[in-house]
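Written out below as structure tokens is the structure these notes cover.
Here, each number is a calculation from the coordinates, and none is a lab measurement. Small disclaimer: the values here were computed from a predicted structure and weren't measured. In this analysis, Cβ positions are derived from the backbone assuming ideal geometry, glycine residues included, and neighbour counts consider all displayed protein chains.
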Amino acid sequence: MIANRPRLDPERSLGHACAVDSLPPPLAFLVLVIAGWVNRQQQAVIDYLLEENRVLRVAHGSRRLLLTDDQRRRLAVKGKVLGRRRLAPIARNTIKGILKDHGIEPAPRRGAKMPWKTFLAAHWDGLAAADFFTVEVLTLRGLVRYVVLFVMKLKTRTVEIAGMTCQPDETWMMQIARNVTAAGDGFLRGMSHIILDRDPLYTAIFRRLLRDSGVKPLVLPAWSPNLNAFAERFVGSAKSECLHRMVLLGERHLQAAVREFVRHYHEERPHQSLKNELLTPQTAVIGTGHVKCRERLGGLLKSYHREAA
């Protein structure tokens with residue numbers, strides 16, 4: 001884009017001249033001095049833009065703008081008159097905000113690490129996730145908060161409840177790590193990576209046990225639930241469809257409720273992200289008979305199916 005010199009409006013200039021003439025001589029002189037200085041600054045900007053456009057026209061057509069030493073010298077001569085502040089009117093934080101809004105890493109890190117979407121696609125078959133959620137349980141001691149830990153295989157969305165307790169500690173977490181990575185029937189066998197948030201219960205020993213079994217922990221940035229969206233969605237479903245609609249009376253009641261929801265989640269609940277398919281359907285053939293309702297937890301969880309003809 002070529003920068004043009006501003007056109008002067010004769011009538012406007014004449015009006016300005018008349019206005020200056022009406023001022024006292026010392027003040028009129030000061031106004032003329034200031035106007036001349038402003039005009040010189042504007043002319044310097046225009047000269048720089050014109051020279052910049054000439055340089056860009058010479059380099060037009062190349063995918064990357066490569067300046068010669070002569071081009072840099074010419075721009076430096078014109079830019080020196082303006083000063084560094086005029087040549088850089090956009091603040092660094094403004095540029096940082098623009099890059100962040102478009103998901104672009106800063107220049108030193110750009111391309112140095114794999115984008116999250118690309119990583120997920122490349123490791124989808126061996127990728128798992130873990131997360132906690134809490135439930136209030138009514139006991140003889142009053143309300144007690146229980147912690148439930150689950151693990152999910154992201155490709156199939158299948159879930160295993162790894163454990164639940166009202167007193168989570170490192171010893172409990174170490175035992176869970178051994179259970180889910182057991183060589184024979186560990187839920188994480190065959191998995192290469194597991195997504196973890198920054199919950200302090202994922203201690204260094206817990207992560208080391210996972211790595212020793214061949215499952216590499218991926219610790220997410222703080223306050224980034226969108227990076228563990230499938231696990232977060234399971235938590236939302238378990239609470240909104242089941243646990244928040246019940247008064248849980250003791251640990252056994254909690255275990256039974258969670259167990260029934262997980263069975264419903266796997267066998268009876270359609271999943272929108274999987275084209276409304278069931279994760280582990282119990283019957284491969286769709287019947288043609290009457291529609292029947294299957295109930296769990298006293299009718300809190302319902303599913304419908306057709307009987308075989």
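One table, with the values for the structure above:
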quantity	calculated
For segment 123-306, Kirkwood radius (reciprocal of mean inverse C-alpha pair distance, Å)	17.7 Å
Surrounding net charge for residue 223, when Lys and Arg each add one and Asp and Glu each subtract one, Cβ distance under 11 Å	0
Summed residue charge, Cβ within 11 Å of residue 186's Cβ, Lys/Arg positive, Asp/Glu negative	0
Relative contact order of segment 158-238, pairs being alpha-carbon contacts under 8 Å that are 6 or more residues apart, as %	26 percent
Whole-number D in µm²/s for segment 138-237 (Stokes-Einstein; Kirkwood sum over Cα pairs; 10 °C, 1.306 mPa s)	109 µm²/s
